[in-house]
1. In nm, what is the difference between 0.36 nm times the number of residues separating Gln91 and Thr267 and their Cα-Cα distance?
2. Output needed: percent of Cα pairs per 10 Å distance bin for the stretch 149-286, bins running from 0 to the one holding the longest distance.
3. Between Asn305 and Thr386, what is the label-to-label distance in nm when each label sits 7 Å out along the Cα-to-Cβ direction?
4. If R0 is 30 Å, what FRET efficiency do you get for Thr320 and Leu226 from their C-beta distance, rounded to 0.05?
5. Beta carbons within 10 angstrom, averaged per residue: use that to sort the peptides 209-220, 300-311, highest first.
6. By the gyration tensor of its Cα atoms, with a ≥ b ≥ c the square roots of the eigenvalues, what is the shape of the stretch 308-461: rounded for a/c under 1.5, prolate for a/b over b/c, or oblate?
7. Full-extension gain between Arg200 and Gln363, please, as 0.36 nm times their residue separation minus the C-alpha to C-alpha distance.
8. If we count every other residue with Cβ under 13 angstrom of Pro44's Cβ, Lys/Arg +1 and Asp/Glu -1, where does the sum land?
Amino acid sequence: MSSAVGIDLDGWQRLVDGLREAVIVVDPSGVVRVRNAVAAERFPRLCLGEHFDMHVAGRQLELGEGWSAWYFTDSTLDHAHLRLAGGTSRQTTLKTIVQLASELLGEHCVAVVPATRDRLEWWRCGGGEPTVTRTPRRASAITEVLTGESNLVRITSLGEGGWGVPEDFGRALAVPLGVGGALVVLRQGDFTPNDVERVRLFGKHAAVALDAATRMTEQQRTIDVLRSALLPLPLPEVRGVEMGSVFIPAHQRALVGGDFYDVHPRTDGSATFALGDVCGHGLEAAVHSGRVRQSLQALSLVETNPVRLLHLLNTSLRATGSKLFTTIVVGELVPLSAGGVRLSLASGGHPAPLILRVDGSVQEVSAPGAIVGILSDVRFHGEQVTLAPGDTLVLYSDGFTEARAHTDRTELFGEQRLRAVLKECRGMSAEEIARHCEEAVLKWLDRDDHDDLALLAVRAV
């Protein structure tokens, strides 16, 4: 310890030599008294005993008695780390890793990561657009890094692999890039100690970013697979009818909700169809709607009568122990040889279907019944109707009739307004009818919050 200044220069030297950022210690007269190896490489002209330029950008820490320490981070690496942290997919992150590494650390960079079927992916960049190849698991030059036996390998001979450069390219460093991966930086010249530290630091941040992006990619893939099972299937072709539909979940970011519709053609030319609404919103309701749809599809293989089908569905859903109930309309469609179709319908607590006749009139199909999935003693009633060519059956969820006006949130769209909208659809195709109803209710809502919206239009041709 220096009694004159109260600063232990040797102690400070040992301390700052272990830091990755550049550090300079300056005495009261502005003379550099301590600097670490990183500072020596970054500021080669700023030697011990030289006067320190206070205008150099850095973070200052007062040490007392006029002494100060200055810290200088690597702004290029800091910026790179921020870019890495913004990656949202594995592929995008790997591209960013090799691009940044080739810009900041060497002339060429390769990210070697595990792929399926015991293969390796080689993401490489040499200043242009990143490319990727896949090879069998052979990378002898970096085996120690890939297996986790070493945190740094200096490569003198590349050997086999998807390097994308001649084997005698120059010098190369390999550091870990997550489990089973490696980041390899290649350049023509030698790597200084500071270069090695920069590669190490970048590799650590890149590994964290890649792990996070991989997890996000896997989660998104899982979400997409699960979501696809919950979304309505494309409407099939059914002899004797044309169809149109509306499906707008309340939570549109999730793309799923409690409303659903399904149409399943049979080999004899008939078809079963349904439109329902699970109580509640969001993912829980969407999962239950998937359960209802799967149960209904399986049960319809052994039962075609809509009333008996609802009884079986009610028993099946109660057996799952779910506390959610469902309102639903199920039906069977049979094309008639003379034209038009015969419909058999049954409802479980759902809004009554409407029929738009070819003359423009609108009729209700009354098929009262209890909600499905909660009570053991329930009753359902069936109804048969015939659609002449040009007539359209419209099934809808209460998201339409209970939509609240953007001008007055106490005013509902209502069944009468829906009937009026349907009357405007005289002569339209099923798809045009669905779009017209959708536009009408969305105009009524004007982007305000709403319940799930579902509609199925079945028009005899």
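The values are calculated or read from the model by the stated rules, or taken from the named source; none is laboratory data. What you see is a predicted model; the values in this text were computed from it and never measured. Here the Cβ positions follow ideal geometry from the backbone for every residue, glycine too, while neighbour counts run over all protein chains shown. Side chains included, ligands, DNA and RNA excluded: accessible areas come from the protein's heavy atoms. Shrake-Rupley method; radii C 1.70, N 1.55, O 1.52, S 1.80 Å.
1. 58.9 nm
2. 9, 23, 17, 11, 12, 15, 10, 2
3. So the label points at Asn305 and Thr386 sit 2.2 nm apart.
4. 0.95
5. The peptides rank, most packed first, as 300-311, 209-220.
6. Taking the square roots of the gyration eigenvalues as a ≥ b ≥ c, the stretch 308-461 is oblate.
7. Extending this stretch completely gives an extra 51.3 nm.
8. Around Pro44, the charge tally is +1.
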